[in-house]
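Participant: Let me give you the structure first, and then I'll get to my questions.
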Amino acid sequence: MASRIIHLAITNELIKQHEFSDVDRLRFGTIIPDGAANREEYLSSHFKMKIGNENERTYDLTRYRTLFGDAMKTDDFYLGYYLHLIQDLLYRHFVYDKYHWDPRPEGHLGRLYDDYRQINAYLIRKYEMQNDIHIPADFETERINEIASFQTIHFMEEFKKDFEPVEYKERFFFTDSMVDEYILWAVQFCKKELEALMESTYYFDEYEWSWGK
């Protein structure tokens, strides 16, 4: 799914256009779903669910809202976490449906990860991003830990590596213009969801954005 740097770029744009009470907790919440301890915990941290008896999948936003809807109203950590799930659903549609990404040929995933490293460097320069995110105090007491186990220290060590210089490589699939397009698109959707939340309703429908149909 979208890299943590992409998630932060979206969040930085949202901060310019929407009022939040605690941007530090918002930004940490925006990236921590990817800090799950292993693949099984990753499925839990992203609230992935199967629809019916088919291969259709989505992220169970309804369940997240049931569990943490009240917390989202007062705590930007839980709001950021929720926006991460929306951004990942949008990203899957953007990459697979719009740009027809195919991960199956041998070597494609490795070359895509090289693109990600280049994209991260591009976004860090463009948005003047800093390695200034910290694990909240007493994170282990957060209710989100009831959903999944997170390797927060290891995750933040990996986050620091995103800011290390990378040798330039020509892009294989994911380009600067693509990530700019995705970020603009995701910001628009997240703004609509934030506006709906202010009216005590929701804009985003996880079933509309399911995959494997």
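Conditions (1) part of a helix (DSSP H, G or I); (2) open to solvent by 20 Å² or more (accessible area, probe 1.4 Å); (3) among the hydroxyl-bearing types (S, T, Y), marked per residue:
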| residue | (1), (2), (3) |
| --- | --- |
| L89 | yes, no, no |
| R92 | yes, yes, no |
| Y96 | yes, yes, yes |
| R104 | no, yes, no |
| D114 | yes, yes, no |
| I124 | yes, yes, no |
| E128 | no, yes, no |
| H134 | no, yes, no |
| A137 | no, yes, no |
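Participant: Sticking with this one: If a residue has to be open to solvent by less than 40 Å² (accessible area, probe 1.4 Å) and touching a residue at least 60 places away in the same chain (Cβ under 8 Å) to count, how many in the stretch 174-197 make the cut?
Facilitator: Residues flagged as open to solvent by less than 40 Å² (accessible area, probe 1.4 Å) and touching a residue at least 60 places away in the same chain (Cβ under 8 Å) within the stretch 174-197 amount to 11.
Participant: Moving on. So is T62 among the polar types (S, T, N, Q), over 23 Å from R39 (Cβ atoms), more than 18 Å from the chain's Cα centre (by Cα) and assigned to a helix (DSSP H, G or I) or not?
Facilitator: no
Participant: Go through the residues of the stretch 149-158 one by one and say whether even a single one is open to solvent by 100 Å² or more (accessible area, probe 1.4 Å), at pLDDT below 95 and under 30 Å from R63 (Cβ atoms).
Facilitator: no
Participant: Any idea how many residues of the stretch 191-210 are under 17 Å from the mean Cα position of the chain (by Cα) and over 15 Å from R65 (Cα atoms)?
Facilitator: Count: 4.
The values are calculated or read from the model by the stated rules, or taken from the named source; none is laboratory data. Everything numeric here is computed off the predicted structure, so don't read it as measured data. When we count neighbours, we look across all protein chains shown, and the Cβ atoms used for this are built from the backbone with ideal geometry, even at glycine. Accessible surface areas use protein heavy atoms only, side chains included; no ligands, DNA or RNA. Shrake-Rupley method; radii C 1.70, N 1.55, O 1.52, S 1.80 Å.
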